[in-house]
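Everything below concerns the one structure shown next.
What follows draws every value from the coordinates through simple rules; no lab data is involved. Every value quoted in this text rests on a predicted model; they were computed, and no experiment measured them. Note that each Cβ is placed from the backbone with ideal geometry, even for glycine, and that neighbours are counted across all protein chains shown.
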């Protein structure tokens, strides 16, 4: 029996890299959103340049589940190379849409799926002579055919095409023509719609559809960043590029046409963070965007910035391990390398946005925190939220908000004779005052070093001075607990001994899984941590539950380690739920893993 | 080692500059380098150059990496902000600092290990970006802090204190800087203050990437017979291309040179370098000829010193980036934050 589902299914496009499918696939996704139905697309792109496989998975969910689900209800099979695996991943009763220009033996299909062949190449070759046109319009033709098959409102698609080519109006008519060629073929040859359908709904609201990297970059603009130094690395590159393009739009001085920002593509990640440290030392808000290998390369500088107490913001868009391949897949595996980055006794502030909305919010807030705490701040995104479009609450700002430049002693204060000791804890919060270079002719200059100094920044190798400084840094880290975003609690509908701690891009899958588990009678209190160092809210939450599952997307249970070490938790109390195959975590996975673990606990409990 | 301030008293008739500062105002605490170290002479030359140019000390930012040379910024310009960064990475920190505030004078102090080995890449890229700075390498061909290993600028065949000969080809930072697009390139010798001070002054006035390779013998580990970076060797093999007088617009030219051997080079801001040519055929504006001169003199077994190359109308990083004239670290909320109305438009465009 073919799957019957309205506004709740997964379409997976299997494409050939470099074939221009990305914009057509996005058109497909956006059309459904415009019909008021939440959609979450995910790019799955291996480290290939051209001619190799790439996938685009679209989850349609009127209920608003934005996490990856797993499985495929409709396969759009445009890549013969991956055909076998793609077909095998279709759910029983699912559908396959393919280019039937060349006949494919029946043995290549499955008995339990519905086959929808459209001779896309044939249609294209008949209509177009230019090779590039044949390729690009083929993509639009399949969007047209899919619109008919899934009952997507064609007027919505037409409108989006009009918006997409606004200013290049010549392109509108040919695209509409291609769209209708596909649509007409489907209507004439199949019974439309099929079992999977899109129906107008009102579940999108005022949400926006944007990538986390773009959002974080805009956050940097609103956070007052003026200096960006970066080195290209997937999946963070688009963050620096988005900052560039937003600055071009929002940060050009109207009178002179000059830039109120400076962006340098550095020679490597060492230079990137070096420039950020130099700019931060000199009183500009500066950031870099990178991924795991970049964090590894920046370690030495991060220690210097920590000890020299220099504001810096690092956006780490996390991915898998070293070299290339899995690194173009998503993971949350830089937690420990960021939290304890560098040699010596260092500890860093981390922020964990769950989606683009928070990537914007934390992206801006990170600069206030960096200046306030005079230390590096890490904003930990990952490929799943960084490089994919995600529906999220619109970006929010308050015009009464002011940039918090932290404790900076001014020329007037120095002139008035205020005591200045660069590493002097005046206010009891561990945070000293600093001066920008060039502030006052006679006062406030100091020499910046790592650890070898006293409270007045004079060279000192005395053990007592070193210890004094380290204790102040520890106090400062305590202060940070109350400044980072607080965790968000989502209580179960009834009292429970089971808790879950999770963070970042895991959020939608976790929320969906919690609902699925609740339906099975497993009730969970959820705590989404949004910052490190952990406040007492986190340790209290753990104390209030007999068991706490820590759900994360890495193999070594890095957040769990951090919780154990920093909050002094008994390891037995924290059960790791780990997903690390490079694909985004799914509600199905979490439901099964927690469900199995709960069963085990219950079995053990029965005498 | 702890910190040793210098006594504050001085001669009642001590000379003051236009700002009323004495040279004492440009000093720092007492140096902890070895007695007789060439680096201390370079610190002295920096102090003299800044004093004579009447630079406000607090408008200088001095940055260094790690090594003997990189310790020296502590010992001069005590009223300037300084930053002892990490090994080989001064250039990136200086670049970032310069991006943040284009109005200060950036003095980068480095060594041959710091710039020619671990930081070779950063040296290269800061130069090619045209960062407005004075970049001085205190070049002794040896790792002093770790007791005498060869550095990448040690000449082939030069002997270590223990008698081992260096087998690797040396890196010539002057030739590199030329190739990388430095707009002011010079080499000098810590033992020749008469040459070094005007070079530093000219480099300070130069509004672009100014590079000075200053040979600075290490008295502890590289001042023996068989070393090509010893005081005796450098004195005996110094082939000066020119000697300089640096003249600000107001001061009359007083030096007396043989007619025809003097060339006035006017800088962008109207100051003048009076260049006394010692090598007849050396034209400081001809980069190709400068590279040839370096090779020719090196082939003779000598060391070319003096002003090697000058582009008197350079571009700098900020010109290339089209940055606003005001320092970026002075921009405020109104300059930087686009506000709610702009955000509403952005949100609308994402639906």
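Annotations
- From its DSSP helices (H runs of at least four residues, each -39,500 (n - 2.57)), chain B gives a residue-normalised ellipticity at 222 nm of -8000 deg cm²/dmol.
- Pair-distance profile P(r), taking every C-alpha pair of the protein assembly as shown, with 20 angstrom steps and integer %: 13, 38, 30, 16, 3, 0
- Taking B:31, A:491 and counting other C-beta atoms within 10 Å, the order from fewest to most: A:491, B:31
- When you count the other C-beta atoms within 10 angstrom of each residue and take the mean per peptide, A:335-342, A:383-390 line up highest first as A:383-390, A:335-342.
- Per the Cα gyration tensor, the stretch A:167-291 maps to an equivalent ellipsoid with semi-axes of 44, 18, 16 Å, ordered largest to smallest.
- Relative to the longest principal axis of the Cα atoms of chain B, the long axis of helix B:339-348 makes an angle of roughly 80 degrees.
- Alpha-carbon radius of gyration plus Dmax, which is the widest Cα pair, for the stretch A:267-407 in Å: 14.8, 46
- Efficiency of FRET from Cβ geometry, residue A:323 and residue A:133, R₀ 41 Å, rounded to 0.05: 0.60
- Förster radius 35 Å - calculated FRET efficiency between residue B:345 and residue B:292 (Cβ-Cβ, nearest 0.05): 0.05
- The mean number of Cβ atoms from other chains found within 10 Å of a Cβ in peptide B:121-133 is 2, as a whole number.
- Helix A:587-605 axis, angle to chain A major axis (alpha carbon atoms, nearest 10°): 70
- Per residue convex hull volume, Cα atoms of the stretch B:89-197, in Å³: 113
- The overall shape of the stretch A:488-605, judged from the alpha-carbon gyration tensor, is rounded, with an a/c ratio under 1.5.
- Among A:122-131, B:227-236, A:346-355, the order from most to least packed when residues are scored by Cβ within 10 Å on average: A:346-355, B:227-236, A:122-131
- Sorted by Cβ density within 10 Å, fewest first, the residues A:137, A:541: A:541, A:137
- Spread of Cα-to-Cα distances over 10 Å intervals beginning at zero, given as percent, for the stretch A:5-197: 9, 38, 40, 12, 1
- Cα→Cβ-extended label distance, 7 Å offset, between residue B:103 and residue B:237, nm: 4.7
- Of B:296, A:443, A:604, the sequence from fewest to most neighbouring Cβ atoms within 10 angstrom is A:604, B:296, A:443.
- Computed [θ] at 222 nm, deg cm²/dmol, chain A (DSSP H ≥ 4; -39,500 (n - 2.57); rounded to nearest 500): -12000 deg cm²/dmol
- Zone residues, the stretch A:357-400, relative to residue A:245, backbone N less than 15 Å from point 7 Å out along Cα-to-Cβ: A:387-390
- Distance histogram for the stretch B:23-334 (every C-alpha pair counted, 20 angstrom bins, percent rounded to whole numbers): 35, 59, 6, 0
- Pairwise FRET efficiency - residue A:89 versus residue B:325, Cβ, R0 = 60 Å, nearest 0.05: 0.55
- Computed label-point distance, nm, for sites residue A:424 and residue A:159 using a 7 Å Cα→Cβ extension: 6.4
- Annotation for residue A:462 and residue B:35: the two label points, set 7 Å from Cα along the Cα-Cβ direction, are 2.8 nm apart.
- Only Cα pairs under 8 Å and 6+ residues apart enter the sum, and on that basis the relative contact order of chain A stands at 12 percent.
- Principal axis dimensions, the stretch B:58-144 - Cα atoms, whole angstrom, descending: 34, 29, 17
- Mean partner shielding of peptide A:281-289, defined as the number of other chain Cβ atoms within 10 Å of each residue Cβ, is 6.
- Shielding by partners - mean other protein chain Cβ count within 10 Å, residues of B:54-60: 3
- Principal-axis tilt of helix A:356-373 within chain A, Cα atoms, nearest 10 degrees: 10
- Per-peptide average of other Cβ atoms within 10 Å, ordering A:23-29, A:505-511, B:274-280 highest first: A:505-511, A:23-29, B:274-280
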